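Reading through the structure tokens given below for one structure.
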Amino acid sequence: MDPKRLVRVSKFLSLHLRHQPVALGLTLEPGGWVPVADLLAGAGAVGFPITPDELAEVLRASDKQRFAFDPTGAKVRANQGHSAEVDLQLEPAEPPAELYHGTAEPAVAAILADGLSKMARHHVHLSPDAATAAKVGSRHGSLVMLVVDATAMRAAGLVFFRSANGVWLVDAVPPEYLRITEFPGTQP
């Protein structure tokens, strides 16, 4: 598939599987699942036809594994990042000692004062490694790398979840569990 088409389909899926399923006539089932046939029909109905092969390629080629098929291949979902109401059916999980969050420099003062909040999403998204966090954070400007003390958060009773693509999720990260760290290409 043409790389530009791949990006357009991925963004379309993100919009509708995470934020606006109703715009395609979709209802997110528990776990965030929707029937593939309904997704393809809805996309066609709004003038953005997607073939089954294109859908499969987007899911296969996604570097962040944003989407997944169920074991039967009959349903598809976004793995996390929803603002639409959905029960993702995630089970609490024990995180590694430290997690990472890349962010843009202009946001750092507010984050260090108030912590990380989920904003319009269901959870704060954290990365298991600095390289992944850098990819995410660098999309928004000059990168600053934050380390999250997940061990201390767990000891304080905060609950973590792990999405199917390895992203760690939590309701919030209070500021006392954050520190700036150096990472190649980040602001000290």
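The table for this structure:
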| item | result |
| --- | --- |
| Among the residues listed as Arg154, Arg139, Arg179, the single one being open to solvent by 40 Å² or more (accessible area, probe 1.4 Å) and part of a strand (DSSP E or B) | Arg179 |
| Residue that is surrounded by the most Cβ atoms within 10 Å (Cβ to Cβ), among those in region 32-52 that are in contact (Cβ under 8 Å) with a residue 40 or more places away in the chain and not hydrophobic (A, V, I, L, M, F, W, C) | Gly32 |
| Residue tally, condition in contact with a Lys or Arg (Cβ under 9 Å, 6 or more places away or on another chain) and either in a helix (DSSP H, G or I) or open to solvent by less than 50 Å² (accessible area, probe 1.4 Å) (or both), over region 59-82 | 10 |
| Sole residue being touching a Ser or Thr at 6+ places or on another chain (Cβ under 7 Å) and either over 24 Å from Glu85 (Cβ atoms) or part of a loop (DSSP other than H, G, I, E, B) (or both), chosen from Val148, Val144, Val108 | Val144 |
| Single residue of region 134-166 satisfying the filter (modelled with pLDDT under 90, within 13 Å of the chain's Cα centre (by Cα) and among the hydrophobic types (A, V, I, L, M, F, W, C)) that is farthest from Gly102 (Cα to Cα) | Ala164 |
| Matching residues in region 157-169 - criterion: being of a type in the set (A, V, I, L, M, F, W, C), in contact (Cβ under 8 Å) with a residue 60 or more places away in the chain and open to solvent by less than 60 Å² (accessible area, probe 1.4 Å) | Phe160, Phe161, Val167, Trp168, Leu169 |
| Of all residues in region 87-120 being in contact with a strand residue (DSSP E or B) (Cβ under 9 Å, 6 or more places away or on another chain) and within 18 Å of Phe67 (Cα to Cα), the one that is most open to solvent (accessible area, probe 1.4 Å) | Leu90 |
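The values are calculated or read from the model by the stated rules, or taken from the named source; none is laboratory data. Bear in mind the structure is a predicted one, so any value in this text is a computation, not a measurement. FYI the Cβ positions are ideal-geometry reconstructions off the backbone, even for glycines, and counts take in every protein chain you see. Only protein heavy atoms, including side chains, enter the accessible area calculation; ligands, DNA and RNA are left aside. Shrake-Rupley method; radii C 1.70, N 1.55, O 1.52, S 1.80 Å.
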